[in-house]
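To start, the structure itself, in structure tokens.
Only the coordinates and a few stated rules stand behind these numbers; no lab work does. In this text, all values refer to a predicted model and were calculated from it rather than measured experimentally. Methodologically, a virtual Cβ is constructed for each residue, glycine included, from the backbone with ideal geometry; neighbour enumeration extends over all protein chains shown.
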């Protein structure tokens, strides 16, 4: 009675060492401009070629400016060189490239699924830790380092140690103002940032089954923040409906056999897991982080915790450092914390459904005085769909900036950055020191919560905003 993870893993083993390390076949490989140049250069120096170009998709995203004049605004020479190098490498190897001026360009973890190339039962890799996002399709997807990128390019395989398996069952129904981001922040707060280390995590339960593919991708995306490289959810009719008709999805007479196979991509009823955890979605309220780790999440109705309450000296010291960096005092109500900037975007929360949720809050309201708020669609296709639905006008009328696709303010590798001391309500996935810019202070939250913070000028309970 195998689990979903084991079904996929075992079908992709080329050979296995006596210590249990497996050589896995790689079905899909996504590359971007930051972690691929060294890998391609190493191939050239070794006289090797890319083994299977049609299995790859190349997209510039990390260094890409999101302003309208972005073709002229790549001012950093290293960033410009990385993008140009990706372009040359893709052309030389015959790899599909969604270049900076392509409507399909966007964040690699958004564009890959949009093509339909990420399907149940496959293995997928990318030189980026948030590749776990793709596990939402019932796939084994994980981030790899630059040397592994080279190995995968040359051989279409990777050596990997089989992880243990954990199932997290999310029961119940999410309440008003609660989203997939709140679910995964609650999970991380419960497990800690190392709680999933060494495990592949399967998300199950009625709350997961009710989620759209966009929501499942949000949950799987932040699995890495709980210490696990692998997050996945079983394939079902929601998965199949999402994939139907996409460019890389089997069509015609191949559709029925493919979709029948995808329906089998679930764990067997009595499949064993080394660890079981559960969480009640009906008890989750909108979450927000106070510190410099995703595990520092608590209900928006809570207060900044006091390190003095911690018996563990190591935990106490970490909390004290986080509070110094975040410039917060213990006991401060979260809803009294003012923000300078609001960022709605990233591979965690920049899909069309995320923008719809945020627009629901922004509609008919105005961004507070002194707050700079920006919305960055995850891809050109998301942007086009949002504009078709009038979502862009809702944001613009409320005073948000409507940007072009890219990783943007998720990380300080492009012009969208926080200045030292600025505080940001962000829908991204990480909040460590300097993540959004040197000295910047990040509070992670959902798109609805970020929109609520924008109009309130402070961290706010989106339930109150929606009720008002």
Checklist entry - Ranking 242, 203, 25 by Cβ neighbours within 10 Å, fewest first, what do you get? => result 25, 242, 203
Checklist entry - Fully extended, how many nm does the chain gain between residue 197 and residue 464 (0.36 nm per residue separation, minus their Cα-Cα distance)? => result 92.4 nm
Next on the checklist: Using only the Cα atoms of the stretch 423-468, what are the Rg and Dmax in Å?
Outcome noted: 11.3, 37
Checklist entry - For the chain, what is the calculated [θ] at 222 nm in deg cm²/dmol (nearest 500), taking -39500 (n - 2.57) for each run of four or more DSSP H residues and dividing by its residue count? => result -9500 deg cm²/dmol
Next on the checklist: From the C-alpha coordinates alone, can you work out the Kirkwood hydrodynamic radius of the chain, in Å?
Outcome noted: 22.4 Å
Checklist entry - Taking the highest mean first, how do the peptides 215-224, 183-192 order by number of other beta carbon atoms within 10 angstrom per residue? => result 215-224, 183-192
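Pulled fully out, how much extra length does the chain show between residue 309 and residue 253, if you take 0.36 nm times their separation in residues and subtract their Cα-Cα distance?
13.8 nm
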Checklist entry - Rounded to the nearest 5, what % of the DSSP beta bridges within the stretch 1-97 are antiparallel ones? => result 40 percent
Checklist entry - Roughly speaking, what is the stretch gain from residue 146 to residue 241, that is 0.36 nm per residue apart minus the C-alpha to C-alpha distance, in nm to one decimal? => result 30.8 nm
Checklist entry - Counting only DSSP beta bridges with both residues in the stretch 4-276, what percent are antiparallel, rounded to the nearest 5? => result 25 percent
Item to check | Antiparallel %, DSSP beta bridges [both residues in the chain], to 5 | outcome: 25 percent
Checklist entry - How do 147, 228 rank when sorted from fewest to most other Cβ atoms within 10 Å of their own Cβ? => result 147, 228
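Hey, what does the equivalent ellipsoid look like for the stretch 288-467, semi-axes from the Cα gyration tensor as sqrt of 5 times each eigenvalue, largest first, whole Å?
29, 17, 13
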Checklist entry - Using the beta-carbon distance between residue 101 and residue 49 and R0 = 25 Å, what value does 1/(1 + (r/R0)^6) give for FRET efficiency, to the nearest 0.05? => result 0.35
Checklist entry - By counting other Cβ atoms within 10 Å of each Cβ, how are 388, 383 ranked from fewest to most? => result 388, 383
